[in-house]
Every structure is written in C-alpha cells, then in structure tokens.
Amino acid sequence: MGINNLFNIAASGINAQRLAIEVTSENIANVNTQGYSRQRTIFETAPTTLANGFPLGTGVKLAAVQRSYDGLLQQQIVNGNSTYGKNSTLNSALQQVEPSFNEVIANGLGQSFEDFFDSWHDLSVNPQGTAERQAVLARSQVLVDNFHRLNASLDNVISNADNTLVGITNDISDKAKNIASLNYQIKMTEQLGGNANELRDQRDYLLQELGTKVGITADEQADGTVTVKLPLNAGGGGETLVSGNQYALVYTSVNGGTGLNDIRISSVGNPPATAGGDADVTATIGGPNDVTKAADNSLGEIGGTLQTRDTIVGGAEGYLARLDEMANQLATTVNAQHTAGFDLAGVAGVNFFNGATSAAITLNIADADTIAAAGAVGGVGDNVNALAMADLKIDDTIIFTVGATVTTSTFGGYYNSFVSSIGIDVQSAKNATQQSESFLKQLNSLRESKSGVSLDEELTNLVKYQRAFEASARLVNSATDMMDTLINLVR
C-alpha cells in the first residue's frame, strides 16, 4: 500500500464523517417536526486490496441512511387514530343531545307528562271547573311544546352530522391525492438511487391523519408505493382509495328519498373521473358492518358521524324513533279514552291530539268546555272519564314498538328508561374517548421512543463524528508529512 492510499483512506473518512454530521444535523433540525423519523448512517468498510500478500482496507463507505421505522407500530397508530376519531365524534354528538333531556335543571318532557296527567286528576275533583279545564289545556300544550323542542334538538344533531360529512369527505379526498403524489415522488426518487426517507415520513403522517377520518388498510408494494383501501366486510367495502399515483374521490351525494347525504367513491385515476355510476359506500365506509356490534365497529370521524346520524339518533331504534313512538302512543291512548267520554254539553269527546310523531303532534282541543271529563251524557258533575284519563299515568300495559324492540310500560317508566339509556350512551362514549386517547398517546410514545429524535443522543453523535472527521483530517496531514519526507530524500 502506497502513501496515495493513505490519502484515499483519509478522504473516505472525511467524506463519510461529513455525511454523518449532515444526517445528525438533519435530525437535530427536525426534533419538533411531526411525523419525522430519526435517521442514522450505516457505514461499512470499503473493498480491500492486497499489499505484500496481506488484505488491507481502503477506507470506509456509506452503505445507507436508514430511518428508525416500525411498520407494525405505524399501522397500529393508523388504527388507533381511526378508533379515536370515531369515539371523539360520537362523544361530541352525544354531548349535544344530553342537555335536552336534562330533567334536573329544566322542566323537561318527563315533568310535562307528570303535570299533564296530574291536571286530569285535578279536573276529576271539580269536573265542571273552568280553571281546572284551562289547566288541562295549558299542561297539554306544554307537553306538545316539549315534544317539538326535543324533536328539533334531535333533528339539529342529525342535520349537523349530515353537513359534517361534506367536510370529512373533502378532507379524505385531499389526503388521498397527496398520498398518491408522494407515492410517485418516492417511487421515482428510489428508482434513481436517491433517499426518500423524508418523503416516506410525510406519507406515513398523512396516513395517520387519513386514519382519523376513515378506517383504512395500507399495504406497501415492491416499488415503494402504498395501496390504500377502505374497510372490507360482509356487506361490501374494500374499495381502493389510493393505488400508485392514482387516487379516488370520496364525496357526498344527496339522497332524493331521505334528503340526507349518501357517501360515494369514484374509481381511481389521476385525476379520477367523477361521472355517474360511482359506488355508494354509505353502509360500509364506517367500518366492518357486524349487525350485532354495529356501534363498536365503525371507524374514523366519518364512521362516528354516520353512526350518530343513522343509528344512535336517527336510526330505526334511535332516539328520534323512540321519541316519535312516545308521541304516537300518547296520542293514540289519550284519544281513545277522550272519545269515550262526554263534554259539558253532553257531546261525545273528539280526538284530544292530532298527529302521531314528535314533530307533528298538536293539541286538537281549543275550547275548555269540549274536554270530555264525564263518562255519560248529561253528567255535568261526572268525573268518570277524567279519572280514567288520570289513571293512564300508571297504566303499565302500554306497548311501545320501536323497530324490532317491543316494550310494555307506563309513559313515565318508558321515558325514564329512555333518558337512562342516553346517559349510559354519553358515559360510554366519554369513557371510550378517554381510553382510545390514552391508547393512542401510548402508541405515539412508543413511536417517539423508537423513531423520535433524542437531542442528547444526537449531540453525542455530533461530537463523535466531529472527532472522527478531525482524525481523518490529521491522517491527511500525516500522509502529507510522509510525502514531504520522501521528496526531500530524493532531493
């Protein structure tokens, strides 16, 4: 090995340590960059040569710049974001519902039922009394108004959830487009032998954000791109959201029958076509559709929003359906009893209520004298029918049918059960949100411990590489002195 080889070894050391210092500097600069993964330099010895029959090294070379990355942990974080997105959305929606059914701070529907039937009891004491009859009308109107108020409140929650879908779908499409763009950049960079670590970090972070919006699966392909798909379940799903540099549009389309937004997804393209015939994924985009666990399997903000709109509040057995059934049973039961009695003029009673839903129910009686308190014609002081109306308060044979659920109860008992279920749902959503948030924090802490930048470690590395750089530079000086000595000998 000649002196020239010393210069080559020194140069390789200087160049390698310089690159290592650059990587360390990049780590330090991005210590607070979200989604950034710590990078490290991998060195290996340069090819050896024979000198006097002995293999001797020719320096060092940079084998790779690796990022600290755990694919399994990345997928867990994506899934954790999806679960948290769903739970936090449900929690937020239920927080809007709960105050409307708070019987402690306001005279709600439950108290209105009590007052309504109690007014009939008061009327039975003085069947011909004008004040008692007016009280029945007043209490009845308050009851109707409370039905309308709760209906408006629940309708507002459904409307807000439906409007939110527009922004969520736009965000999903935008993130899908950006992931497709990063796919292309990563593929081209790595095919040309470049380093795409930062691009991969950006893509991973986008996947995590996308997971907050909707449940996804992301599989890396041999060319470095990722294919992103929506959840697959027995009811369908599994549509491709991103493939290579192509992506799909997820958007809302108003359903002419319900007036609510359906969710549709286009085929992938760059840009994707948005002509008609796109798949309707409303029933599947929220996540696995196991009918026995529908509340547990929706994913992402879009899943939580759809669950709020279509199951918890607006579903066949949702809050609004239960409220409507109470209004229906009230109108049906009270009307049947009222038409069996007679008013002050001896005329048979008419329907007390109109309508059969919480939105449509109204008071059909305008004149207090037409209230049918008597049980027989001409019974001005007769209170038989008023007593029968008052007894409806404790009638536990009323059948409430909501979807496939049939309940036999009193009005008060059914309403109390209804309110209790809302309270349980609120607490459950709150607990689920806290648990998923804690789990997500734990996952992010694990990622930080593996992929995050430690300033103490990087400063140690910086000193190490700096000393190695200086040592390589000293080797140049030593080789230069040796060369000068040889030249002087020749002279």
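What follows draws every value from the coordinates through simple rules; no lab data is involved. Model, not experiment: these values are computed from the prediction. In this analysis, Cβ positions are derived from the backbone assuming ideal geometry, glycine residues included, and neighbour counts consider all displayed protein chains.
Of the GluC sites (Glu not before Pro) found in region 296-364, the ones in coil according to DSSP and having at most 15 other Cβ atoms within 10 Å of their Cβ are GLU317. Each peptide in 406-413, 482-489 receives the mean, over its residues, of other Cβ atoms within 10 Å, and ordering these scores from highest gives 406-413, 482-489.
Quick one: if the Förster radius is 25 Å, what FRET efficiency do VAL166 and ASN270 give, using the C-beta to C-beta distance and rounding to 0.05? Walk me through the numbers before you get to the answer.
Numbers: r = 23 Å, r/R0 = 0.94.
Approximately 0.60, to the nearest 0.05.
Over the Cα atoms of region 364-439, the radius of gyration divided by the Kirkwood radius equals 1.30; this is the Rg/Rh ratio. Anything over 18 Å Cα to Cα? Flag those among LYS177/LYS441; LYS86/LYS441; LYS61/LYS187, in the order listed. Among LYS177/LYS441; LYS86/LYS441; LYS61/LYS187, the Cα-Cα distance tops 18 Å for LYS177/LYS441; LYS61/LYS187.
Between ASN416 and GLU457, the FRET efficiency from the beta-carbon distance, with R0 = 60 Å, is close to 0.50. Straight-distance candidates among the aspartates and glutamates for linking to LYS430, with alpha-carbon spacing under 19 Å and chain neighbours fewer than 8 residues away dropped: GLU98, ASP296, GLU301. Residue separation of ARG18 and THR33 scaled by 0.36 nm, minus their Cα-Cα distance, works out to 3.1 nm of gained length. Cβ crowding within 10 Å, taken as a proxy for footprinting-reagent exposure, orders THR24, THR339, THR370 from fewest neighbours to most as THR339, THR370, THR24. Matching the structure-derived semi-axes √(5λ) of the Cα gyration tensor in Å against the labelled list (1) 78, 22, 14; (2) 110, 26, 22; (3) 34, 30, 24 gives the label (1). Seen against the Cα atoms of the chain and their longest principal axis, helix 3-29 is set at about 20 degrees.
Can you work out the FRET efficiency for the pair LEU489 and THR49, with r the C-beta to C-beta distance and R0 = 35 Å, to the nearest 0.05?
Details: r = 25 Å, r/R0 = 0.73.
Efficiency at R0 = 35 Å is approximately 0.85.
Considering only alpha-carbon pairs that sit under 8 angstrom and 6 or more positions apart, the relative contact order computed for the chain is 21 percent.
Legend: ranking of residues HIS148, HIS338 from fewest to most surrounding C-beta atoms inside 10 Å; resulting order HIS148, HIS338.
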